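To start, the structure under review is shown below, and the notes come after it.
The values are calculated or read from the model by the stated rules, or taken from the named source; none is laboratory data. No experiment lies behind these values; they were computed from the predicted model shown. Every residue, glycine among them, receives a Cβ derived from its backbone with ideal geometry; neighbour counts consider all protein chains shown. Remember, those area values only see protein heavy atoms, side chains included, never the ligands or the DNA or RNA. Shrake-Rupley method; radii C 1.70, N 1.55, O 1.52, S 1.80 Å.
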Amino acid sequence: MSVGRPSLSKISKISGTPKEPGYLSTSTMSYVLSEPRLPDSETMQRLIALLVELAPAGRKLDLDETTRRFLDLWEKAARAEDQPLPSPRVQALRKTGNAHLHLANEYQKAECMEKTVFSKNTVANQWDYIARLAGELLGEDHPDAVEARERAEDREEQPRPTGGQLR
């Protein structure tokens, strides 16, 4: 943002030609900027140097300071990368931007189940699924994840009477 959001083509062009060391293709930069996996440190530092070079005259950035800041972030991310990745379903939802919509639909489904399903255990299983999904998407301490976990704990083996039918 500080350098004016240059296009990947522009950054690639100033990085050199494919035969030169340090060249960054548009596909490499797209991967670096959009994929959940970290790039190698050398690629990241090269991209930072190119972005600093593109900074407008009024927004000159210090290359050493900027590189140091990003290396600190890169190291934190590398430590976090050792933790397990979210499930493939959560990763796919995050990529499409439909994660919260899916969570809302599952939440609504559970509330409808509470009114129509005979077994509290079945409803609790749905809330358990929502709790796991909300925890991965929003964080374990998010109020929606906490509420879903609490509602998942409401289990009993005996059927409960309802006015609806099992769907």
- Message: Checking the conditions here, which among Lys10, Lys19 is outside any loop (DSSP other than H, G, I, E, B), open to solvent by 70 Å² or more (accessible area, probe 1.4 Å) and over 30 Å from Gly139 (Cα atoms)?
- Response: Lys10
- Note on the structure: Filter the stretch 22-33 for residues that are small (Gly, Ala, Ser) and open to solvent by less than 40 Å² (accessible area, probe 1.4 Å); the one that is nearest to Gln45 (Cα to Cα) is Gly22
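Of all residues in the stretch 41-50, which are under 16 Å from Met1 (Cα atoms) and buried (at least 18 other Cβ atoms within 10 Å of the Cβ)?
Leu47, Ile48, Leu50
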- Query: Within the stretch 148-156, is there a residue that is of a type in the set (Gly, Ala, Ser), more than 25 Å from Ser34 (Cα to Cα) and at pLDDT 70 or above?
  - Reply: yes
